[in-house]
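Engineer: What follows is a single structure, and I will ask about it in a moment.
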Number of protein chains: 2
Amino acid sequence: MERLFHSVRITINDKLYVKDPESSNLGKRIVEESILMINDIGFESFTFKKLGQKIGSNESSIYRYFENKHKLLLYLASWYWGWLEYQLVFATNSIPNANTKLERAIEIMTQATEIDLAFTHINEILLNKIVINEYSKSYLTKEVDQENKEGYFVIYKRLVNRMSLMINEVNPDYPYSSSLASTIIEGALHQHFLMDHFSSLTSCNKKTTPTEYFKHLVFNTLNIK
Amino acid sequence: MERLFHSVRITINDKLYVKDPESSNLGKRIVEESILMINDIGFESFTFKKLGQKIGSNESSIYRYFENKHKLLLYLASWYWGWLEYQLVFATNSIPNANTKLERAIEIMTQATEIDLAFTHINEILLNKIVINEYSKSYLTKEVDQENKEGYFVIYKRLVNRMSLMINEVNPDYPYSSSLASTIIEGALHQHFLMDHFSSLTSCNKKTTPTEYFKHLVFNTLNIK
DNA sequence: CAAATATAATAGTATTACTATCATATTATA
DNA sequence: TATAATATGATAGTAATACTATTATATTTG
């Protein structure tokens, strides 16, 4: 299975980069090391100048790949959601039973990424942490409507919609499938954040996982016992 | 009732300001106009220099009230959550029935702020919008643990805990009350954001409110019909 | 009215987020 | 293999940001 993942390529909106980072060694190093660095010092403190120093390259060279760090974040996030989408589709498409399928989907969407499937230069564990800590900043902006029109969030939207459809399959009469889908995906990120920084605001911990919480939430809400 | 609200004063951690903005006319203008301005141009573009120009004051004078715009955001958010907490307690404390009480609590936490109760210089409608669009940025930082220790998030935490207790009153056996409480509060902000910018990711709209969605979610999850 | 305090004005600094230009590698192709 | 094309690196420069420091001028208070 790992081998299979190796050969998958996640297609990302080409407006998010100036030059495709997958097309060169430097590009891959930019992506690889930016993940480590954003995870390390946080998105606010992260700059192209610092990244250049770290990878022994030049600030101006990084600008030839990404217009600015905001677009780099959107690129990384798209990659992450694309990767999750792939896992979701791969793991659920052969499941005939709607309940079992939704259950598996919730697992995939709410689990902490624990295994690095070694997608060459991308560390999925750290990328998952970046998404938990920084993803909101990519859309909580004044430019969100314009950027949404440009298609910067398509993968994320497709993912929420897939979840929504699976919810509908389980209970076609449930009237809030889109909201429930977005609540699971965004809420899972939030619960993971709370586990790390505000433990009194979550019931989740090492024993009780967000997955358990969301499964209970969803299946009770849908009136499936 | 409006008159009553007038006399309420929300107590905010005094580490969040250098000089209490409630203590002078300039301080109040800073708070008042910063709300308008952040709402208008967004937190990223907002600067103390611009604010000074708008209120006919000087950048350096604003720094005598707030160390930086991050602390100003924390101050505004604390004020907002304190104000919501007041409304929550006021509206629910006399309700004896646990279900009715939780129902009323969900209404208060998930409704869009529509009426400006004219808390003198603070526009609650705009402040609610700021919280929807900017609040996450106040805690998605590398300094969150330190700032949490300093008590910058106490009001928010108290509010989530109040919700959690009300959930427990309805169903003492429900094992995820803290997570459900944080899901309602954070999730409500998120659903409002989606209504404004990603309508395909939410089932909520003018007719179907987030309040309706969350009531259904909570009472079904708690197995109360 | 003097003293204390608050506010305003101005200047200055380090950093950020770029853009532009030119030099030098590396790679492709004729 | 020479040359052209392209990629990368080095350096410089700019406007804005996020402050700090100092001094001047109001305003308030005792």
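Engineer: In peptide B:187-196, what is the residue-averaged number of other protein chain Cβ atoms found within 10 Å of each Cβ?
Structural biologist: The mean count of partner-chain Cβ atoms within 10 Å per residue comes to 4.
Engineer: Can I ask one more? Summarise the long-distance tail of P(r) for segment A:54-188 by giving the % of C-alpha pairs beyond 27 Å. Could the numbers behind the result be given before it?
Structural biologist: Details: 2457 of 9045 pairs.
Beyond 27 Å sits 27 percent of the P(r) for segment A:54-188.
Engineer: For helix A:98-110, what angle does its Cα long axis make with the longest principal axis of chain A, in degrees from 0 to 90 and rounded to 10?
Structural biologist: It works out to around 40 degrees.
Engineer: Do any GluC sites (Glu not before Pro) in segment B:24-81 lie in a loop, going by DSSP, with at most 14 other beta-carbon atoms within 10 Å of their beta carbon, and if so which?
Structural biologist: Numbers: sites: B:Glu32, B:Glu33, B:Glu44, B:Glu59, B:Glu67; in loops: B:Glu44, B:Glu67.
Hits after loop and neighbour filter: B:Glu67.
Engineer: Check B:Ile122: other-chain or 5+ apart residues with amide H under 5 Å from its amide H, H built from backbone geometry?
Structural biologist: Counting only residues 5 or more places away or on other chains, the set is empty.
Engineer: So what is the relative contact order of chain B, in percent, for Cα pairs below 8 Å that sit 6 or more residues apart? Please list the in-between numbers first.
Structural biologist: On the way: 216 pairs, mean separation 48.9, N = 225.
Taking the mean separation of contacting Cα pairs over the length of chain B, I get 22 percent.
Engineer: Still on this structure, please answer the following. Please give the charge dipole size of the protein assembly as shown, origin at the Cα centre, charges +1 on K and R Cβ atoms and -1 on D and E Cβ atoms. Round to the nearest 20 debye.
Structural biologist: Numbers: 50 positive and 52 negative charges, 42 e Å.
Computed about the Cα centre, the dipole is about 200 debye.
Engineer: So what is Rg over Rh here for chain B, counting just Cα atoms and using Kirkwood for Rh? Walk me through the intermediate numbers first.
Structural biologist: On the way: Rg = 18.2 Å, Rh = 18.6 Å.
In chain B, Rg relative to Rh is 0.98.
Engineer: Just to confirm the filter: which trypsin sites (Lys or Arg not before Pro) across segment A:59-144 are DSSP coil and have at most 15 other Cβ within 10 angstrom of their Cβ?
Structural biologist: Numbers: sites: A:Arg64, A:Lys69, A:Lys71, A:Lys101, A:Arg104, A:Lys129, A:Lys137, A:Lys142; in loops: A:Arg64, A:Lys142.
Here the trypsin sites (Lys or Arg not before Pro) that fit, given the DSSP loop and packing criteria, are A:Arg64, A:Lys142.
Engineer: If a/c stays under 1.5 just call it rounded; otherwise compare a/b with b/c (prolate if a/b is bigger, oblate if not). Do that for the protein assembly as shown, with a ≥ b ≥ c from the square roots of the Cα gyration tensor eigenvalues.
Structural biologist: Numbers: a/c = 1.97, a/b = 1.12, b/c = 1.77.
Cα axes put the protein assembly as shown in the oblate bin.
Engineer: Separate question: Compute the acute angle (0 to 90°) between the alpha-carbon long axis of helix A:124-139 and the principal axis of greatest extent of the alpha-carbon atoms of chain A; round to the nearest 10°.
Structural biologist: 90 degrees
Engineer: Further question on the same structure: Is segment A:147-225 rounded, prolate or oblate when judged by the Cα gyration tensor, a ≥ b ≥ c being the square roots of its eigenvalues, rounded requiring a/c under 1.5 and prolate requiring a/b larger than b/c?
Structural biologist: Values: a/c = 2.96, a/b = 1.18, b/c = 2.51.
In terms of gyration-tensor shape, oblate.
Engineer: Just to be sure I follow the rule: in segment B:52-147, considering lysines 8 or more places apart or on different chains, how many pairs have Cα atoms under 17 Å apart?
Structural biologist: Values: B:Lys54/B:Lys69; B:Lys69/B:Lys137; B:Lys69/B:Lys142; B:Lys71/B:Lys137; B:Lys71/B:Lys142; B:Lys129/B:Lys137.
Taking segment B:52-147 as the scope, the lysine pair count is 6.
Engineer: Which ³J(HN,Hα) values in Hz, rounded to whole numbers, follow from the phi angles of segment B:42-49 under the Karplus curve 6.51 cos²θ - 1.76 cosθ + 1.60, where θ = phi - 60° and Gly and Pro get x?
Structural biologist: x, 5, 5, 7, 5, 9, 5, 5
Quick note: the coordinates plus some simple rules give every number you see, no bench work behind them. Predicted, not measured: the structure shown is a model, and the values here were computed from it. Positions of Cβ are backbone-derived with ideal geometry, glycine not excepted, and every protein chain shown enters the neighbour counts.
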